[in-house]
Each structure stands twice: as structure tokens, then as C-alpha cells.
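**Student:** First the structure, which I've put down as C-alpha cells, then a few questions once you've had a look.
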Amino acid sequence: MKKITLLLATTALCSGLFAQTTVKLPAPRKDAAMPLYQALQQRASVRDFQTKEISDQTLSDLLWAAVGINREDGRLTAPTAMNTQEIRLYVCRADGAYEYVAKDNSLVKLSAKDVRKDIAGGQGSVADAPVFLVIVSDLNKYRRQDEMSKRFGAIDCGYVSQNICLASVALGLATVPRAGMDEEVLRKELGLQDGQIPMINHPVGYKK
Ligand SMILES: Cc1cc2nc3c(=O)[nH]c(=O)nc-3n(C[C@H](O)[C@H](O)[C@H](O)COP(=O)(O)O)c2cc1C
């Protein structure tokens with residue numbers, strides 16, 4: 001009897017924790033009306049943001065464009081070398097840090113810490129952005145971790161970064177790709193392992 005009670009309590013606790021730590025996003029709208037060439041015309045780095053929040057709907061639209069699934073076989077909006085799909089995308093905002101899980105269209109909470117200032121570092125003006133996206137290359141997904149896989153990882157991050165740039169414009173948002181960030185803090189708060197390299201980040205928000 002004691003064993004059953006313990007099992008039930010553990011199950012209840014785990015499901016409670018899961019409910020708390022996973023945010024299901026609204027289904028992404030895939031119909032931002034701006035023509036591609038207009039988005040290309042308007043793409044520009046922005047480093048001054050309003051503190052205005054981004055809705056979960058708009059965030060979902062942006063994350064899908066960045067590295068969401070766009071085909072029935074699970075392939076992505078961004079190409080990856082040999083379809084390795086080694087890119088991990090993290091969402092950092094005031095209420096903590098999350099990993100985007102494209103197949104569930106959800107955010108899995110990894111930390112309650114607001115790491116936006118740690119990502120902004122000395123570049124204070126970008127710290128007002130309500131969301132920072134961090135693009136991580138997970139080299140462990142490659143059979144061999146050599147110079148070629150590092151090169152592929154960096155190239156693949158670039159595609160995701162450009163998707164974020166262009167989708168941000170189409171969604172009325174602003175961003176800048178940034179290499180600067182406190183990698184040590186991110187490693188700790190995102191639980192990154194060896195071989196998982198934060199390559200670039202994007203403050204995203206509304207232009208001041
Ligand atoms: C790989 C890479 C790293 C960058 N790192 C930073 C950065 O740390 N901080 C920053 O303000 N801008 C950064 N940028 C943005 C560039 O400074 C910017 O793209 C460049 O000045 C051209 O301006 P534009 O994006 O408006 O065309 C980076 C861009 C790239 C592609």
C-alpha cells in the first residue's frame with residue numbers, strides 16, 4: 001500500500017512539475033504577409049528596443065520561421081548539413097530560459113534566471129529586448145567532431161540566424177545577430193554539455 005501511495009505521489013509531483021516547466025505555444029501562423037523582397041529591403045541591425053513584451057503567438061511564429069518543421073518528414077525551415085539538425089534554439093526572457101522544441105511547438109524551462117543582461121554583456125542598449133534567442137550548435141550530433149563538423153555547425157547557425165532576421169522584419173519586430181555573450185553563464189543556466197557551442201544570439205523586440 002505504501003509503495004502505491006509513493007508511486008501516486010511521485011507521478012502527481014512529476015506531472016505537476018512538467019506542467020509548470022513546459023509552455024505549449026499557440027500554433028504558428030505561417031502567413032506573415034510581407035513579401036520576401038520587402039523583408040530583404042528592410043533587414044537591418046537594431047540595437048535599441050522598447051521593453052514591450054512579445055506575445056506567445058508572435059514568438060511561436062518567429063520560432064517556427066527560425067528552425068521549425070516545414071515538411072511531413074520532419075525537415076526544417078533552415079537547412080542543416082546532411083540533415084543533421086544539430087541546431088538548438090533557446091529563448092531567454094524575464095521569467096527564465098527555455099529550449100524551443102519544434103516537434104511539440106513548446107518551450108521547456110531550463111532555468112528561472114533572467115540571463116538577458118548576461119547575454120547583453122557590456123552592450124547595455126540591447127538588454128531592454130524582451131526576448132533573447134540563443135543559437136547553439138550541438139556538435140555531438142556529428143559522428144566525428146572535427147574541423148568539418150565545426151564548420152558545418154557554424155554555417156547551419158547562420159541559416160537560422162538569417163531566418164530570424166527576415167522573419168523578425170516580416171512580423172514587425174527588430175533584431176541584431178550578436179556573437180557577444182557570457183558563455184559561462186549560458187553554459188550553466190542552459191545546461192549545455194561539452195560540444196554544445198553557443199554561436200550567436202538575437203535580442204528580439206520592438207524598435208525604440
Ligand atoms: C557573426 C556576427 C556577429 C555579430 N556580432 C555582433 C555583436 O556582438 N554586437 C553587435 O552589436 N552586432 C553584431 N553583429 C552585427 C553586425 O555588426 C552588423 O550585421 C553589421 O554592422 C552590418 O549592419 P547591418 O546588419 O545593419 O547590415 C554581428 C553580425 C554577425 C554576422
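Rule-based calculations on the coordinates, nothing more; no lab input. Here the structure is a predicted model, which means the values were calculated and not measured. Virtual Cβ from ideal backbone geometry, glycine too; neighbours counted across all protein chains shown.
**Student:** Rounded, prolate or oblate: which fits the stretch 126-208, taking a ≥ b ≥ c as square roots of the Cα gyration tensor eigenvalues, rounded meaning a/c under 1.5, else prolate when a/b beats b/c?
**Tutor:** oblate
**Student:** Using the basic label-point model (7 angstrom from Cα toward the beta carbon), what is the residue 83 to residue 146 distance in nanometres?
**Tutor:** 2.4 nm
**Student:** Out of 36, 110, 166, any idea which swings most in a Gaussian network model of the chain, alpha carbons joined below 10 Å?
**Tutor:** For the chain, modelled as a Gaussian network with Cα springs under 10 Å, the answer is 36.
**Student:** Where the centroid of each part is defined by its Cα atoms, how far is the stretch 133-208 from the stretch 33-53 in Å?
**Tutor:** Their Cα centres are 18 Å away from one another.
**Student:** Helix hunt in the chain: which complete DSSP H runs extend at least 27 Å axially by C-alpha with mean Kyte-Doolittle at least -1.0?
**Tutor:** 2-21, 147-170
**Student:** Within the stretch 61-208, how many Lys pairs that are eight or more residues apart, or on different chains, come under 26 Å at the alpha-carbon?
**Tutor:** So the count of such lysine pairs works out to 16.
**Student:** Here is a follow-up. Please build a GNM for the chain, connecting alpha carbons under 10 Å apart, and tell me which residue among 105, 83, 163 fluctuates the most.
**Tutor:** It is 83.
**Student:** Shifting gears a bit: Compute, for the stretch 23-205, the length of the dipole vector about the Cα centre, with Cβ point charges of +1 (Lys, Arg) and -1 (Asp, Glu) only. Units Debye, rounded to 20. Walk me through the numbers on the way to the answer.
**Tutor:** On the way: 23 positive and 23 negative charges, 43 e Å.
With only Lys, Arg, Asp and Glu charged at Cβ, the dipole is about 200 debye.
**Student:** So which residue, out of 159, 98, 37, gets the largest mean-square fluctuation from a GNM of the chain using Cα contacts under 10 Å as springs?
**Tutor:** 37
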